[in-house]
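K.L.:
Got a structure here, written out as structure tokens. Questions coming.
The values are calculated or read from the model by the stated rules, or taken from the named source; none is laboratory data. It should be emphasised that the depicted structure is a prediction, and the values quoted were computed from it without experimental measurement. Here Cβ is always computed from backbone atoms with ideal geometry, including for glycine, and neighbour counts include all displayed protein chains.
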Ligand code: RB5
């Protein structure tokens, strides 16, 4: 069971509703940071910021963010040190983003992939864990601890 934060801009709202039901069915704790259903315009940088802060606070383990392409959410979320947001359009990317990159936010593009693929990608992302080892050394190079080279 993971603590998951989910968010979407206007382009990702239907996916968010669809994915939320399944994530809850899987037994995860889920919190929605918006946008509300029916919102005509929601700006992805603001939703990504909410999700990034929620994870960095320690209250959540993982995030799922949906926009038109997934790219805007990923670019915005990755501005936060400690966030590793990955756009995944297939299950292989989802698996390796967790096992090798320790991605803590999955970004999906509702204008790129269909809802069933998005669901499958999300399930794979949530089902895998970071392998650590040499991958941890590499991830530490992305966000070196204070004082490290
Ligand atoms: C919104 O129209 C669109 O630009 C946004 O959802 C996303 O695709 C940006 O990356």
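K.L.:
All but one of (1) within 12 Å of residue 19 (Cβ to Cβ); (2) more than 16 Å from the ligand (Cβ to nearest atom); (3) outside any helix (DSSP H, G or I) hold for residue 120, so report the exception by its number.
P.N.:
Status for residue 120: all satisfied but (3).
K.L.:
To continue, here is another question. Tell me which strands (runs of 3 or more DSSP E) are completely within the stretch 1-87 and hold 1 or more residues being within 11 Å of the ligand (Cβ to nearest atom) and either more than 19 Å from residue 101 (Cβ to Cβ) or in contact (Cβ under 8 Å) with a residue 12 or more places away in the chain (or both), or say none if there are none.
P.N.:
3-8, 62-67, 85-87
K.L.:
Quick check, is residue 131 touching a helix residue (DSSP H, G or I) at 6+ places or on another chain (Cβ under 9 Å), in a loop (DSSP other than H, G, I, E, B) and either surrounded by 12 or more Cβ atoms within 10 Å (Cβ to Cβ) or at pLDDT below 95 (or both)? Reasoning before the result, please.
P.N.:
Numbers: touching a helix residue (DSSP H, G or I) at 6+ places or on another chain (Cβ under 9 Å): yes; in a loop (DSSP other than H, G, I, E, B): yes; either surrounded by 12 or more Cβ atoms within 10 Å (Cβ to Cβ) or at pLDDT below 95 (or both): yes.
Yes: the conditions hold for residue 131.
K.L.:
Give the residue that is farthest from residue 66 (Cα to Cα), with candidates limited to residues of the stretch 106-117 that are in contact (Cβ under 8 Å) with a residue 24 or more places away in the chain and more than 14 Å from the ligand (Cβ to nearest atom). Quick ask: steps written out before the conclusion?
P.N.:
We begin by selecting, within the stretch 106-117, every residue in contact (Cβ under 8 Å) with a residue 24 or more places away in the chain; these are 106-113, 115, 117.
Those still in the list that are more than 14 Å from the ligand (Cβ to nearest atom) too: 106, 115, 117.
Details: 106: 8, 115: 11, 117: 13 Å.
Selected residue: 117.
K.L.:
Can you pull out the residues in the stretch 1-27 that are surrounded by fewer than 17 Cβ atoms within 10 Å (Cβ to Cβ) and within 19 Å of residue 83 (Cβ to Cβ)?
P.N.:
2, 3
K.L.:
Of the conditions (1) surrounded by fewer than 24 Cβ atoms within 10 Å (Cβ to Cβ); (2) over 12 Å from the mean Cα position of the chain (by Cα); (3) in a helix (DSSP H, G or I), residue 101 clears all except one; give me its number.
P.N.:
Only one criterion in (1) surrounded by fewer than 24 Cβ atoms within 10 Å (Cβ to Cβ); (2) over 12 Å from the mean Cα position of the chain (by Cα); (3) in a helix (DSSP H, G or I) is unmet by residue 101, namely (3).
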